[in-house]
Amino acid sequence: MSDKKNGLVKPEDAEFDYSAGLAKVDADKFADPGIEPHRVRMTDKSVKHEKAAARQVAGLFLFSIASSIFAIWAYFGIKVYSFDLNSIRSNVLFLGLGIAFGMLGIGIGAVHWAKTLMPDAEVSEARHQTRGSEETRAAAIEVINLANEESGFSRRKLIRRSLYGALALFPIPGLVIFRDLGPNPGDSLKHTMWAPGLKLMRDPSGTPIKATDVQVGTVFHVIPEGLAELGQSEATYDEMIAQKSKAAVLLVRVDPAILMEAPERKDWSYQGIVAYSKICTHVGCPVALYEQQTHHLLCPCHQSTFDLADACKVIFGPASRPLPQLPITVDKDGYLIARSDFTEPVGPSFWDRKA
Amino acid sequence: MKQNLKNARRSPWSAIAVILAGLILTGSGFAAATASTSAASESPYTAGQVEQGHKLFLSNCASCHGKNAEGTANGPSLYGVGAASVLFQVETGRMPGAISGPQLEVKPVQFKQPEIDAMAAWVASLAPGPAAPTAAYLAQKGDASRGGQIFRINCAMCHNAVGAGGALTGGKYAPALTNTSAAHIYEAMITGPQNMPVFSNSDLTLADKTDIITYLQAVQTNPSIGGFDLGNLGPVVEGLFMWIFMLGGLVLITMWLGAKSN
């Protein structure tokens, strides 16, 4: 009996048995709609349509035959000349198209055949019982027991235990190769090739840049002194790539009046010439889309935008930190040189980067 | 006579004479060379062109750039922008600008070539600036592969690796370079129009510029080995094509497979 007054239903009056954690589904919630009524196809009603469908299926198979022959012709007929990419492209393209249409013709023909000409009466077929009969189950247990007895798996402790050991050790090599994820890179993510006195060089020529070469509005793509030389020898080429991926710098000259420099960075620029890391602090793409009128630097990957005049602070996009600035000055000959390495790690955040 | 010559050669004066002769030769040669280069950098325009250009400027440009090209709130000063800047902006139809927007658009050229040259002459007469390129830099006889390397480092982030163009911030964009003439590519590099940075000759040397121009012309005629290039716009366009046409096609095939025959 339900307590109508305060809307509560006593458990014994409930329609369902409640149990901890298991919902009970009402078996008769939805009536089985049964098989939908049979629709007679055009091919069953008219001989004309049936013949047309038969011709279409045969036509698809003939198309497949033609395509396969075409593929063979393409292989032999389209000559491949070394270093002529066009001839290689044509050969591979038409061979592939021939094979593809050869398979597609068979597939579409078979489906079309089944759909239009084969019997389409709806039938329902009940699934067989998942649980085996008692005899089958008893027989299976008997087989297992027999196997145990004949192999001596329970009896022969040495064999059994050594097998357990083998099985336990077998996955270990798979874990060991994760060692390739390491070792930790140490300090290499925190420092670049830049060092006090290193000249700023043009990328890729590796020629030094005089401050007087840099007009207002000009952009120079810069690498550290000595990097271009690394690229000239095969032995150090990989090292060059690794260093360049950290040390690439964008050098821009703007009107010094628009530079908003923090007091401690006053001597990091030289008469409006500023140098910033080209590696985006978001995921490390090269940020080099410089707009000279707005002095915005745009990263092409995810549209992070940095204001070059305001210490490359992020003004839009997913980057969370300003681009690191490379402190620069000029040497006695007027060439631009680095005052030091970057004062913070360049590029995206990593696990033990501070802040 | 022969004996005299021999004696003269041994004389201590002969060394001085030879040095003097050498000095005079190199000196006058250098003078001739510098004279010819300074003649080349001297205005190639006539006084008549300068005068015509001034009139054209006053009637067409002064409202934004100021009566003396000193610049106003609506347009920059034209002192020192040089003939190259005028030729680039006017010959591509960017100038005179139609409306103020994020970026000046390319549109049909508004002036006849002699008028453009006259305006370039007048602007060039105001202050020294980049001149029009000479034919040698535009002949596309450079090293296309080196040009490609320089282009990828300096230009490709905005203009795309094969010059198909790309988007910038706030509605601005780097235009496609597929139909840009060699002279306009050169002039854009040397003057840095609108938001493009300047690539002066101390940044990209004349040889670099020639190589870049050669590369850009070479990629235009380079056949697309991979077939349909979808405008060379890169992975976004290619991905979109796959999503719409390939996945769409697969969906249609699946629907056909499941549909009953009519």
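Please treat every number below as a calculation from the coordinates, not as lab data. Because the structure is a prediction, the values reported are computed rather than measured. With ideal geometry, Cβ positions are generated from the backbone for all residues, glycine too; neighbour counts draw on all protein chains shown.
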Practice prompt. Using the Cα centre as the reference, give the magnitude of the dipole from point charges on the C-beta atoms of the range A:81-176 (Lys, Arg: +1; Asp, Glu: -1; all else neutral), rounded to the nearest 20 debye.
Written response: 640 debye
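Can you compute the charge dipole magnitude of chain A about its Cα centre, using +1 on each Lys and Arg Cβ and -1 on each Asp and Glu Cβ, nothing else charged? Give it in debye, rounded to the nearest 20.
540 debye
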Worksheet item: Amide H neighbours of B:N160 under 5 Å, counting only residues 5+ apart in sequence or on other chains, H built in-plane at 1.01 Å?
Response: B:G165
Worksheet item: Once amide H atoms are placed 1.01 Å from N in the peptide plane, what residues at a sequence separation of 5 or more from B:A131, or on another chain, have their amide H within under 5 Å of its amide H?
Response: B:A84
Worksheet item: Roughly how big is the protein assembly as shown's charge dipole about its Cα centre, with Cβ charges of +1 (Lys, Arg) and -1 (Asp, Glu), in debye to the nearest 20?
Response: 1200 debye
Practice prompt. Give a residue-ordered list of calculated ³J(HN,Hα) values for the range B:212-223 (Karplus: 6.51 cos²θ - 1.76 cosθ + 1.60, θ = phi - 60°; whole Hz; x for Gly, Pro).
Written response: 5, 4, 4, 4, 4, 6, 5, 5, 5, 8, 6, x
Discussion item. Test of understanding: what is the full-extension gain from A:A262 to A:R161, defined as 0.36 nm times their sequence separation minus their Cα-Cα distance?
Written reply: 29.3 nm
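Quick check on my link table: of A:K266/A:K332; A:K244/B:K172; B:K55/B:K172; A:K278/B:K107, which ones sit more than 25 Å apart, alpha carbon to alpha carbon?
Values: A:K266/A:K332 20 Å; A:K244/B:K172 30 Å; B:K55/B:K172 32 Å; A:K278/B:K107 35 Å.
Distance filter (> 25 Å) returns A:K244/B:K172; B:K55/B:K172; A:K278/B:K107.
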Item to complete: Take every DSSP beta bridge with both residues inside the protein assembly as shown and express the antiparallel ones as a percent of the total, to the nearest 5.
Response: 95 percent
Practice prompt. With a point put 7 Å past each Cα toward its Cβ, work out how far A:S87 is from B:W256 in nm, to one decimal.
Written response: 3.7 nm
Worksheet item: What order do you get for A:329-338, B:90-99, A:140-149 when each peptide is scored by the mean count of other beta carbon atoms within 10 Å, highest first?
Response: B:90-99, A:329-338, A:140-149
Fill in: Shielding by partners, peptide A:216-224 (average Cβ within 10 angstrom, other chains)
4
Worksheet item: Can you work out ³J(HN,Hα) from phi for every residue in the range A:70-77, in order, using Karplus 6.51 cos²θ - 1.76 cosθ + 1.60 and θ = phi - 60°, giving whole Hz and x for Gly and Pro?
Response: 4, 4, 5, 4, 4, 4, 8, x
Item to complete: Please work out the FRET efficiency for the pair A:H302 and A:L181, using the Cβ-Cβ distance as r and a Förster radius of 22 Å; give the result to the nearest 0.05.
Response: 0.30
Discussion item. Using a 10 Å cut-off around each Cβ of peptide B:185-195, what is the average number of partner chain Cβ atoms that fall inside?
Written reply: 2
Worksheet entry | Rough spin-label spacing in nm, given labels placed 7 Å along Cα→Cβ, for A:V143 and A:T343 | 7.7 nm
Item to complete: Quick one: order B:H65, A:H191 by neighbouring beta-carbon count within 10 Å, fewest to most.
Response: A:H191, B:H65
Worksheet, complete the sentence: Here the FRET efficiency for A:M42 versus B:V236, based on Cβ atoms and R0 = 51 Å and rounded to 0.05, is 0.65
Practice prompt. Within a 10 angstrom radius of each residue's Cβ in A:297-304, how many Cβ atoms of other chains show up on average? Whole number is fine.
Written response: 3
Worksheet item: Between rounded, prolate and oblate, where does the range B:116-177 land on the alpha carbon gyration tensor, with a ≥ b ≥ c its root eigenvalues, rounded for a/c under 1.5, else prolate if a/b exceeds b/c?
Response: oblate
Practice prompt. Kindly state, to the nearest 0.05, the FRET efficiency for B:T72 paired with B:N201, given R0 = 35 Å and r defined as their beta-carbon distance.
Written response: 0.70
Discussion item. Please give the Cα centre distance for the range A:102-121 versus the range B:186-262, rounded to the nearest Å.
Written reply: 41 Å
